[in-house]
Amino acid sequence: MERSESIPLNFQEVEPPLSTQEATDEATRCLYCYDAPCITACPTGIDIPSFIQKITTNNLTGSARTIMEANPIGASCARVCPTEELCEGACVLNQTSKPIMIGKLQRYATDWAIQNEKPLFTAGKRNGQKVAVVGGGPAGLSAARELALLGYAVTVYEAETEAGGLDTYGIVSFRLPKRISLWEVEQVKSLGVSIQTNTRIGVDLSLAELQQSFDAVVLAVGMANVPPLGIPGEELHGVYDAIDLVKATKSTTLPQQFQGKRGVVIGAGNTAIDGATCAVRLGAENVKVLYRRTEAEMTAYQFEYEFAKQDSVEFRWLVSPIAVLGDEKGRVTALKCAEMALAEADESGRRTPIPTGATFVIKTDFIIKAIGQARHRWLDDVGIATHNGVISIDHHYETSVKGVFACGDAIFGQGQGEAMVVAAAEQGKQAAYAIDKKRRSQRAETSA
């Protein structure tokens with residue numbers, strides 16, 4: 001088989017599912033704790049002992065319903081949650097043996113529901129109220145699902161061709177196949193939720209129009225693209241945005257330009273790992289991750305780090321890019337870097353990287369930028385208060401504009417929220433409950 005012919009195989013899901021026997025054996029190891037710490041450790045509060053016990057009795061519809069009831073994107077989270085830091089990290093069996101494989105059991109139950117096309121929920125009785133949700137990612141879908149169950153008529157406005165957000169476009173398919181997040185989208189649509197794709201707020205519709213047409217608006221817009229590096233030469237051919245690269249591998253024909261090439265990835269977060277492993281699986285000969293701090297400060301999860309190393313990704317610590325070098329045709333040929341050292345911790349508690357004065361050059365054919373994501377500046381233009389680009393909310397997820405709520409990555413940062421898919425799902429639920437509480441209160445005042 002030619003090398004190019006084998007590349008699609010590299011994007012098939014890596015982690016194998018549990019067999020029925022393996023799932024049953026693992027489920028029967030659970031102690032079904034009365035005051036289960038795994039439930040507390042799950043941001044969405046899934047009744048983990050309950051869904052595991054249902055696996056032992058082959059009640060897989062009930063098991064999947066228990067998961068999805070608490071987490072509208074529970075099938076995706078079964079694959080991408082840092083379970084060793086959450087539910088499995090809290091399992092009492094850590095004290096004596098090894099924790100229950102909660103993530104794999106969650107995948108077993110939800111995979112069964114997907115394969116058997118089981119409808120899990122029915123919409124609530126309509127209450128005559130309408131809510132618009134801007135953004136069809138984890139937070140937006142969760143808000144829409146909960147609002148539909150509560151009886152609201154919900155319309156989701158999604159800028160992309162398909163809904164699902166990060167789960168559909170932003171996480172590599174060998175960890176999270178697109179079909180999983182699209183099943184979750186269909187679960188939401190089955191409740192009567194309308195999803196209007198290819199619709200961008202500020203271009204096709206204004207926030208003011210939504211405010212006039214709906215009783216409440218939820219902003220679940222996530223974050224924007226990777227910001228510029230701010231160094232000379234980054235406009236050269238061969239510099240890529242990590243998010244765009246991952247999206248390309250899940251949207252179109254797999255990119256061919258990385259075969260046999262050397263590359264570097266700048267950054268050491270979740271997206272950097274995805275960008276690096278994508279490049280390797282697209283045929284790159286060598287990929288180095290460059291990070292200006294050390295292994296101890298990187299934001300990628302440990303399991304992602306181990307996964308990347310297994311894919312032969314190299315890591316270079318205390319390195320910061322200072323210029324992209326190119327040839328006469330405008331193609332990347334090398335990256336000039338500065339050697340860094342760590343000073344004292346700043347206000348965030350992280351040690352600050354400072355240049356040592358030493359520089360060096362790494363020969364490379366391409367560069368992938370993965371230094372976080374920019375914020376949506378249009379929010380300021382429509383009067384939504386932000387702080388350093390993060391939407392400011394009160395304790396009820398309401399923004400500075402009455403009737404406009406926010407959740408997900410758009411509110412992450414500045415002490416608000418967690419940068420996890422499962423946290424976004426919970427915020428979407430809580431935003432929906434806050435809207436329902438406020439609308440009920442207003443109706444009670446009107447009828448009094």
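Quick notes on this one:
- Looking across ALA208, ALA268, ALA276, one residue alone is touching a residue at least 40 places away in the same chain (Cβ under 8 Å) and assigned to a loop (DSSP other than H, G, I, E, B). It is ALA268.
- Filtered residues of segment 363-376 (kept if within 31 Å of the chain's Cα centre (by Cα) and more than 24 Å from ALA343 (Cα to Cα)): THR364, ASP365, PHE366, ILE367, ILE368, LYS369, GLN373, ALA374, ARG375, HIS376
- Out of GLU85, GLU117, sole residue that is modelled with pLDDT under 95, of a type outside the set (Gly, Ala, Ser), within 18 Å of the chain's Cα centre (by Cα) and not in a helix (DSSP H, G or I): GLU85
- Here GLU418 fulfils each of the conditions (1) within 17 Å of the chain's Cα centre (by Cα); (2) open to solvent by 20 Å² or more (accessible area, probe 1.4 Å); (3) of a type outside the set (A, V, I, L, M, F, W, C); (4) closer than 30 Å to ALA323 by Cα apart from (4).
- Qualifying residue in segment 129-143 (condition: hydroxyl-bearing (Ser, Thr, Tyr) and assigned to a strand (DSSP E or B)): no
- For GLY383, the test of being open to solvent by 10 Å² or more (accessible area, probe 1.4 Å), touching a His at 6+ places or on another chain (Cβ under 9 Å) and within 20 Å of ALA224 (Cβ to Cβ) is failed.
- Scanning segment 394-415 for residues that are closer than 27 Å to TYR169 by Cα and open to solvent by 40 Å² or more (accessible area, probe 1.4 Å) gives TYR397, ASP409, PHE412, GLN414, GLY415.
- Residues in segment 26-49 that are among the acidic types (Asp, Glu) and under 20 Å from THR96 (Cα atoms) were compared, and the one that is surrounded by the fewest Cβ atoms within 10 Å (Cβ to Cβ) is ASP35.
- All positions within segment 164-175 that are within 16 Å of ALA224 (Cα to Cα) and of a type outside the set (D, E, K, R): GLY164, GLY165, LEU166, THR168, TYR169, GLY170, ILE171
- Options GLY330, GLY326; residue that is touching a residue at least 40 places away in the same chain (Cβ under 8 Å) and on the phi > 0 side of the Ramachandran plot: GLY330
- All conditions but one from (1) over 22 Å from the mean Cα position of the chain (by Cα); (2) open to solvent by 10 Å² or more (accessible area, probe 1.4 Å) apply to ALA70; the one that does not is (1).
- Here VAL221, VAL226 are screened, and the one residue that is within 21 Å of VAL390 (Cα to Cα), touching a Ser or Thr at 6+ places or on another chain (Cβ under 8 Å) and in a loop (DSSP other than H, G, I, E, B) is VAL226.
- Residues of segment 321-337 that turn out to be buried (at least 19 other Cβ atoms within 10 Å of the Cβ) and over 13 Å from GLY263 (Cα atoms), as a count: 2
- Qualifying residue in segment 160-183 (condition: under 22 Å from GLU398 (Cβ atoms), buried (at least 18 other Cβ atoms within 10 Å of the Cβ) and among the charged types (D, E, K, R)): no
- Restricting attention to segment 296-320, the residues being more than 15 Å from ASN270 (Cβ to Cβ), loosely packed, with under 15 Cβ neighbours inside 10 Å and in contact (Cβ under 8 Å) with a residue 12 or more places away in the chain number 3.
- Output for segment 279-289, where each listed residue is under 22 Å from GLN12 (Cβ atoms) and either of a type outside the set (Lys, Arg) or part of a strand (DSSP E or B) (or both): ALA279, VAL280, LEU282, GLY283, ALA284, GLU285, VAL287
- Contact map, segment 114-132: first residue within 16 Å of ILE67 (Cα to Cα), second residue hydrophobic (A, V, I, L, M, F, W, C), Cβ cut-off under 6 Å, separation 6 or more or different chains; pairs are ILE114/TRP183; LEU120/MET68.
- Residue match in segment 415-425 (condition: touching a Cys at 6+ places or on another chain (Cβ under 7 Å) and in a loop (DSSP other than H, G, I, E, B)): no
- Residue satisfying all of: in segment 73-90; among the aliphatic types (A, V, I, L, M) and open to solvent by less than 10 Å² (accessible area, probe 1.4 Å); farthest from VAL188 (Cα to Cα) among these: ALA75
- If the condition is being in a strand (DSSP E or B) and of a type in the set (Ser, Thr, Tyr), then segment 339-359 contributes THR352, THR356, THR359.
- Filtered residues of segment 360-370 (kept if among the aliphatic types (A, V, I, L, M) and crowded, with 20+ Cβ neighbours inside 10 Å): ILE367, ILE368, ALA370
The values are calculated or read from the model by the stated rules, or taken from the named source; none is laboratory data. Since the model is a prediction, treat every value here as computed from it, not as a measurement. Neighbour counts run over all protein chains shown; Cβ positions are idealised from the backbone, glycine included. Keep in mind that these areas ignore ligands, DNA and RNA; they rest on the heavy atoms of the full protein, side chains included. Shrake-Rupley method; radii C 1.70, N 1.55, O 1.52, S 1.80 Å.
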